[in-house]
Amino acid sequence: MASTVQKDEALNAIKSGEVADNFRSAVENFYFEEADLLDQFRLRDWLALLTDDVIYRIPIRVNRTDRGRSVTEVSDTDMLLDEDKRGLTQRVVRLETGRAWAEEPRSRTRHLVTNVRVRSVVGGNELTVSSNFIAYRNRLEIEQDFYVGTREDVLRLDAGRFKIARRLVILDQTVLTAKNMTILF
Amino acid sequence: MAVQLDSLVQGEGSIVSRELFWRPDIYELELERIFAKSWAFLCHESQIPNKGDFFSTYIGEDSVLVVRQADGSIRAFLNVCRHRGMKISTADEGNVRSFTCTYHGWTFDLGGALVSVPNIEKSFNGRLRTEDWSLQPVSKLENYRGLIFGNFDPEAVSLKEYLGDMALYLDLLLDREGGTEVYGGVQKWRVQTNWKIPAENFVTDGMHLAPTHTAAVLALAPEEFDVTKVPGFGTSTYFTSTGHGGVVNDADAESQRRGLNAMLGPALAEYYYGLAERLRPKYGAMASYVHNIGSATIFPNFSWLAGRQTLRVWHPKGPQETEVWTWTLVNSECSEELKKQQRRTSVQTFGPSGIFEQDDAENWSQCTATMRGYVGRKLTMPYLAGQDNGDAKHPGKTLSAGNGGASEGAGRSFYRHWLQVMTSRGR
């Protein structure tokens with residue numbers, strides 16, 4: 001389960017500006033445990049890592065050319081996934097019915113989380129953290145998909161544990177090459 | 001190579017060979033006879049509001065740019081430089097003064113005219129007449145209540161004639177005070193399936209709703225549904241003689257209202273019920289279509305879901321590959337809150353992560369995978385449901401009733417029309 005962090009230690013570190021150094025390994029441990037829960041489809045336990053006011057979004061990416069300048073934008077209005085805790089719980093319920101055919105049997109997945117950087121402290125008890133990930137999905141015979149991207153999280157210290165309060169998942173594809181997105185990142 | 005098609009669609013569209021969804025020669029012929037000659041949905045006008053705005057899409061496998069002109073009109077042309085065929089824009093969308101090819105620097109204006117070629121006099125000595133090498137235009141463009149359609153065939157019938165009785169259903173989707181607009185951008189993803197499989201699903205397939213989507217229904221409203229009773233409702237289909245059509249849900253009014261509530265949330269669901277009342281003087285009983293949990297396809301590959309307001313194009317990418325593009329359509333008269341809710345629910349239910357569509361993609365890709373086998377692809381598939389119920393003429397449609405079960409009447413019509421278009425030699 002989630003790594004326990006001593007609250008006093010956390011607050012002191014935040015105050016002293018040693019956030020990145022003092023927290024990276026604690027945040028990494030948290031992410032590694034989280035990845036394990038996702039790979040094991042222990043999704044009820046995963047839901048417990050989210051704050052009740054969590055917002056989880058995966059925006060679409062768009063190649064735009066404006067007057068000669070070309071960029072791949074992250075949309076702020078259109079999403080591949082846009083959920084609050086209720087919606088994420090519904091997704092878990094869906095899988096629990098045993099009738100969610102796109103995940104029957106469950107895919108074999110591996111979430112690799114890397115390049116973890118603690119960016120800043122917000123409001124005394126929240127960290128903004130960025131990380132990169134590769135989520136590999138192998139399914140049935142030889143179906144395989146890679147979901148690759150970066151995550152921008154807000155982690156909130158709650159009773160000495162991290163909880164995910166915000167997650168923005170930015171995938172590196174404008175056209176998703178997978179037929180669907182049945183797993184979370 | 002001669003393709004013998006007549007034997008592949010039999011019994012007035014009720015028996016269809018699986019070779020339609022596999023053979024590369026049939027696919028090639030579809031690009032020529034269907035996609036290069038049909039009206040294609042390109043984009044919503046709200047996506048390109050300003051001069052120089054453009055949106056990049058496809059008609060069949062042809063890359064097409066839709067461009068807002070200086071005078072406010074819209075033009076569309078092939079995204080192919082006339083010199084060596086480089087794409088003149090590799091962007092999904094944007095805003096430009098002109099399009100300059102990155103290969104040899106040929107520049108085309110917003111209307112597609114070739115306006116400059118580097119060093120033209122020294123290189124060509126007058127042999128290159130720029131007026132001969134404009135971008136290839138999409139021959140016909142029409143704006144139907146904000147939806148931009150294009151057709152490469154200069155001989156094509158008007159969009160109104162092409163839609164025929166299906167126009168009524170587009171009207172019920174689009175006829176809104178203040179019009180409609182696209183909220184956000186376009187979701188795009190690849191499904192390893194033939195384009196006709198999802199197009200057919202949206203035109204006729206009410207039969208899959210309960211078996212495929214039980215998990216999604218239970219997730220949205222577990223307290224509302226007894227799982228043993230989910231498969232209990234029926235669907236009818238409506239269709240024109242030109243391949244268009246859709247599914248209407250025959251569930252009783254109370255079940256439908258609960259279903260829409262669960263999918264859209266009470267506020268948005270109530271908006272649609274109120275909208276139906278406002279449309280009733282003009283459309284009569286048909287006004288209830290705005291909250292019916294059904295689907296529709298305009299031949300060949302443009303589909304939508306009423307109420308859920310998701311538009312989609314099934315772009316063909318080879319015989320066994322489809323790129324799905326979806327838009328969320330909102331009514332301009334709605335509050336920002338309702339628009340956001342519309343977009344949120346359409347992403348939650350449909351699209352690559354949609355709790356309904358995830359399972360569709362699974363089924364469609366597996367249906368396609370089983371065609372790899374020589375024996376499996378020689379099989380035929382039945383579109384027999386509802387055949388004995390008789391097709392009744394209703395205002396604006398032919399209805400193939402489900403009579404409590406499901407009807408595949410619009411599917412039969414889809415494949416009858418497919419065969420007719422594919423076997424018409426020229427015009």
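Each label point was placed 7 Å from the Cα along the Cα-to-Cβ direction; for B:Thr102 and A:Asp45 their separation is 4.7 nm. Springs between Cα atoms under 10 Å define the GNM used for chain A, and in it the highest mean-square fluctuation of A:Thr51, A:Thr150, A:Thr89 occurs at A:Thr89. Ranked by the mean number of other Cβ atoms within 10 Å of their residues, highest first, the peptides B:116-129, B:23-36, A:90-103 come out as A:90-103, B:23-36, B:116-129.
Using the alpha carbons of segment B:267-391, what is the convex hull volume per residue in cubic angstrom, as a whole number?
147
Counting pairwise Cα distances across segment A:7-171, what percent come out greater than 21 angstrom?
54
Between B:Thr90 and B:Phe124, the C-beta separation translates, for a Förster distance of 25 Å, into a calculated FRET efficiency of about 0.45. Remark: spin-label model distance A:Ile170-B:Asn143 equals 3.5 nm, labels positioned 7 Å along the Cα→Cβ axis. Summing Cβ point charges (Lys, Arg +1; Asp, Glu -1) relative to the Cα centre of segment B:40-155 gives a dipole of roughly 380 debye.
Residues B:Thr193, B:Thr398, B:Thr90, B:Thr240 in ascending order of nearby Cβ atoms (within 10 Å, fewest first): B:Thr90, B:Thr398, B:Thr240, B:Thr193. Taking chain B as a whole, the Cys residues whose C-beta sits 4.7 Å or farther from every other Cys C-beta are B:Cys43, B:Cys334, B:Cys367. Charges at C-beta only: +1 for Lys and Arg, -1 for Asp and Glu. How large is the resulting dipole of chain A about its Cα centre, in Debye rounded to 20? The dipole magnitude comes to about 280 debye. Farthest towards the positive end of the charge dipole of chain B, among the residues B:Pro281, B:Trp22, B:Gly409, is the Cα of B:Trp22, using unit charges on the Cβ of Lys, Arg, Asp and Glu. Shown for chain A are no DSSP H helices, since none reaches 15 Å along its axis, judged by Cα atoms, with a mean Kyte-Doolittle hydropathy of at least 0.5. Think of segment A:7-171 as a dipole: +1 on every Lys or Arg Cβ, -1 on every Asp or Glu Cβ, centred on the Cα centre; then among A:Gly98, A:Leu80, A:Phe23, A:Leu80 lies furthest on the positive end.
When only alpha carbons are used to place a centre, segment B:259-282 and segment A:89-109 end up 30 Å from one another. Computed over segment A:111-185, the percent of Cα pairs more than 22 Å apart is 34.
Peptide B:359-366 has a mean shielding of 5, counted as Cβ atoms of other protein chains within 10 Å of each residue's Cβ.
Across all directions, the average flat footprint of the convex hull enclosing the Cα atoms of segment B:164-423 is 13.8 nm². Among the GluC sites (Glu not before Pro) within segment A:121-173, those in coil by DSSP and having at most 13 neighbouring Cβ atoms inside 10 Å are A:Glu141.
When the Gaussian network model of chain B links Cα atoms closer than 10 Å, the mean-square fluctuations of B:Gly178, B:Gly94, B:Gly318 top out at B:Gly178. Highest GNM mean-square fluctuation, chain A, Cα pairs closer than 10 Å: which of A:Asn29, A:Asn132, A:Asn115? Looking only at A:Asn29, A:Asn132, A:Asn115, the largest GNM fluctuation is found for A:Asn115.
Over all projection directions, the Cα-based convex hull of the protein assembly as shown averages an area of 30.9 nm². From least to most packed, judged by other beta carbons within 10 angstrom and beginning with the fewest, B:Met422, A:Met79 follow the order B:Met422, A:Met79.
Bear in mind these aren't lab numbers, they're just calculated from the coordinates by the rules spelled out. Source: prediction; values computed, not measured. Heads up, the Cβs are rebuilt from the backbone with ideal geometry, glycines too, and the neighbour counts pull from every protein chain shown.
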